[in-house]
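Participant: Submitted below is the structure of interest, expressed as structure tokens.
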Amino acid sequence: MNEILRQVPSVDALLQRWPEKIERWGREQLTVAIRDELTVLRKAITTGAVEDVDISRLSASIDGVLGARNQSSLLAVHNLTGTVLHTNLGRASLPAQALAAVVNIAQGPSNLEFDLSTGERGDRDSHVEALICELTGAEAATVVNNNAAAVLLVLNTIGINREVPVSRGELVEIGGSFRIPEVMQRSNCKLVEVGATNRTHLKDYQNAITPDTALLLKVHTSNYRIEGFTETVSERDMAELAHAHDLPFVIDLGSGNLVDFKSLGLPPEPTAAESINNGADIITFSGDKLLGGPQCGMIAGSKELIRAIKKNPLKRALRLDKMTLAALSEVLKMYRDPASLTKELPTLRQLTRSKADIQQQAQRLLPGLSEILGQSFEVTVQDCSSQIGSGALPIETLPSAALAIASKANVDAEIRQLMIALRQLPVPVIARISSGLLLLDLRCLENEEQFSTQLADLQ
Ligand SMILES: *Cc1c(COP(=O)(O)O)cnc(C)c1O
């Protein structure tokens, strides 16, 4: 045993032997990894588990350790869940123009807050404000980190220490911890609940207005719908009531949409411009839901209110970074040519993809997948329904097609193991199980070649 231990090389000897590893990993972490591996090796020799010193095995093991340690935890995946705007999978995918703008602006200095005509300090919002105004019809606009931040900032500016009546039917929770009553509290507003869960009338708001009322708020109930004996007050009526009392009317639109969805063949969804036209003084909406841009929150409305919102010290804490501004500006510009959106903007391209097109893709992929999965599984092409996701249009579904994988022996564990194996591919594939079948909804599969090439790793 001592003889074998004597064969164990020193850390320095290995560092000299492996210049290419120094190049790849850097001397510091390589030294630590070698030391750790040598400790393990010596122990294994002492216990008799290892009976020789194999340098190539040592090398592979060190590369394995350092490779795993330097693997990013944030990975690109294939979203085959059938939910287009999947919050846990990063929501909207950005178009090429936006990505190019991010690279261009992130790689060096920019005029982020610098006015090129005067040479003086500029305003970072200026790069998107005019575009947001053009697309919504609002007088002024500002942007923050996401729509949750937008709602917080608006309430904390206009409603601080005062009352805000909200319909009981709109006290929504939007995934995780964003609940309207809690956001109200953190904004230092006093929530005044009006109406009932299923029905709220104009007179409920009327009766709730006191000298302490700061604004009227409407929240788009984006992620659920009440059906049956229901009533809500229209934006126009709420605007009229608010203005009769000299109060601002604020709408949290949630997803926010800038085009006529019906003309794209999608379920109807009101646009931001309609809400401004209906008399909203402030609207807020997300950048990475139906809009298909980067994560951010838009605030648009009257000049006077936007000015006050921008002066709130919290604006600084919630402001957008230059990469997001670069991407947002490109995505917003695409809305000037609505006819191109279903081709150029990934979110709208995926939402409007025809079932026939998805079926064809499934038929193309079927033989290869069947062969790789082998005898234990049967793969077929099945109809399925995609969801829009992110709380946008919660009930509407989109007819789609999936590769449906069944265990021939009807063993659930086989299906679950396959789902895990798919998640361990270099570009993890996220699928779902429905009625004992593993479904790969292909609506959002854009990089087909990468997908089919890496399937060989399943074997
Ligand atoms: C999604 C949503 C939010 C939160 O928006 P984020 O962009 O996720 O921060 C707020 N309000 C409504 C009504 C929403 O649908």
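The values are calculated or read from the model by the stated rules, or taken from the named source; none is laboratory data. Computed from a predicted model, the values in this text were never measured in an experiment. All Cβ positions, glycine included, derive from the backbone under ideal geometry; neighbour counts span all protein chains shown. Side chains are part of the model used for accessible areas, which takes the heavy atoms of the whole protein and leaves out ligands, DNA and RNA. Shrake-Rupley method; radii C 1.70, N 1.55, O 1.52, S 1.80 Å.
Here's the yes/no breakdown for (1) under 24 Å from the mean Cα position of the chain (by Cα); (2) more than 16 Å from the ligand (Cβ to nearest atom):
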| position | (1), (2) |
| --- | --- |
| Gln375 | no, yes |
| Thr380 | no, yes |
| Asp383 | no, yes |
| Gln387 | yes, no |
| Arg423 | yes, yes |
| Val429 | yes, yes |
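Participant: Restricting attention to region 244-272, which residues are closer than 21 Å to Glu170 by Cα, more than 10 Å from the ligand (Cβ to nearest atom) and outside any strand (DSSP E or B)? Don't jump to the end; show me each part of the working.
Facilitator: Of region 244-272, the ones closer than 21 Å to Glu170 by Cα are 247-257, 268-272.
Next, from what is left, pick out any that are more than 10 Å from the ligand (Cβ to nearest atom): 247-250, 257, 268-272.
Selection gives Leu247, Pro248, Asn257, Pro268, Glu269, Pro270, Thr271, Ala272.
Participant: When both residues are 6+ apart or on different chains and their Cβ atoms are under 9 Å apart, which pairs have a first residue that lies in region 232-250 and is in contact (Cβ under 8 Å) with a residue 12 or more places away in the chain, and a second that is among the small types (Gly, Ala, Ser) and open to solvent by 80 Å² or more (accessible area, probe 1.4 Å)?
Facilitator: Here the result reads none, with nothing in region 232-250 linked to a residue that is among the small types (Gly, Ala, Ser) and open to solvent by 80 Å² or more (accessible area, probe 1.4 Å).
Participant: Out of all the residues in region 124-136, is one or more closer than 30 Å to Asn277 by Cβ, acidic (Asp, Glu) and buried (at least 21 other Cβ atoms within 10 Å of the Cβ)? Walk me through how you get there before you give the answer.
Facilitator: Keep residues of region 124-136 that are closer than 30 Å to Asn277 by Cβ, which gives 124-136.
Checking which are acidic (Asp, Glu) leaves us with 125, 129, 134.
Next, from what is left, pick out any that are buried (at least 21 other Cβ atoms within 10 Å of the Cβ): 125.
Yes.
Participant: Out of region 290-308, which residues are open to solvent by 10 Å² or more (accessible area, probe 1.4 Å) and either under 13 Å from Val144 (Cα atoms) or in contact with a Leu (Cβ under 6 Å, 6 or more places away or on another chain) (or both)?
Facilitator: Filtering region 290-308 down to residues open to solvent by 10 Å² or more (accessible area, probe 1.4 Å) leaves 294-295, 302-305, 307-308.
Pro294, Gln295 - these are the residues of region 290-308 that are open to solvent by 10 Å² or more (accessible area, probe 1.4 Å) and either under 13 Å from Val144 (Cα atoms) or in contact with a Leu (Cβ under 6 Å, 6 or more places away or on another chain) (or both).
Participant: Then there's this: Which strands (runs of 3 or more DSSP E) does region 146-223 wholly contain that include 2 or more residues that are farther than 21 Å from Gly301 by Cα and open to solvent by less than 40 Å² (accessible area, probe 1.4 Å)?
Facilitator: On the way: elements: 163-167, 190-194, 216-219.
By residue number, 190-194.
Participant: Further question on the same structure: What are the residues in region 25-53 that are of a type outside the set (A, V, I, L, M, F, W, C) and touching a residue at least 24 places away in the same chain (Cβ under 8 Å), if any? Working first, answer last.
Facilitator: Our first condition is that a residue be of a type outside the set (A, V, I, L, M, F, W, C); within region 25-53, this holds for 26-29, 31, 35-37, 39, 42-43, 46-48, 51-52.
Selection gives Gln29, Arg35, Asp36, Glu37, Arg42, Thr46, Gly48, Glu51, Asp52.
Participant: Another one. Can you go through Thr347, Thr342 and tell me which one is of a type in the set (S, T, N, Q), part of a helix (DSSP H, G or I), closer than 19 Å to Gln387 by Cα and within 16 Å of the ligand (Cβ to nearest atom)? Before you say what the answer is, go through the steps one by one.
Facilitator: Numbers: Thr342 fails: within 16 Å of the ligand (Cβ to nearest atom).
Sole residue among the options that is of a type in the set (S, T, N, Q), part of a helix (DSSP H, G or I), closer than 19 Å to Gln387 by Cα and within 16 Å of the ligand (Cβ to nearest atom): Thr347.
Participant: Can Gly279 be described as within 13 Å of the ligand (Cβ to nearest atom) and either of a type outside the set (Ser, Thr, Tyr) or open to solvent by 40 Å² or more (accessible area, probe 1.4 Å) (or both)? Steps first, please.
Facilitator: Details: within 13 Å of the ligand (Cβ to nearest atom): no; either of a type outside the set (Ser, Thr, Tyr) or open to solvent by 40 Å² or more (accessible area, probe 1.4 Å) (or both): yes.
So Gly279 does not fit the description; no.
Participant: Are any residues in region 354-378 of a type outside the set (Ser, Thr, Tyr), open to solvent by less than 50 Å² (accessible area, probe 1.4 Å) and within 19 Å of Glu449 (Cα to Cα), and if so, which ones? Explain how you work it out, then say what you get.
Facilitator: Within region 354-378, the first condition is being of a type outside the set (Ser, Thr, Tyr), and the residues that meet it are 355-369, 371-375, 377-378.
Then drop every residue that is not open to solvent by less than 50 Å² (accessible area, probe 1.4 Å), which leaves 358, 361-362, 365-366, 368-369, 372-374, 377.
Scanning region 354-378 gives Ile358, Gln361, Ala362, Leu365, Leu366, Gly368, Leu369, Ile372, Leu373.
Participant: Then there is this: Please enumerate the residues belonging to region 240-261 that are surrounded by fewer than 22 Cβ atoms within 10 Å (Cβ to Cβ) and among the small types (Gly, Ala, Ser).
Facilitator: Ala244
Participant: Which residue pairs have Cβ atoms under 7 Å apart, sit 6 or more places apart or on different chains, and have a first residue in region 271-298 that is in contact (Cβ under 8 Å) with a residue 12 or more places away in the chain and a second that is near the ligand (Cβ under 10 Å from one of its atoms) and acidic (Asp, Glu)?
Facilitator: Here the result reads Thr284/Asp252; Pro294/Asp288; Gln295/Asp288, each pair linking region 271-298 to a residue that is near the ligand (Cβ under 10 Å from one of its atoms) and acidic (Asp, Glu).
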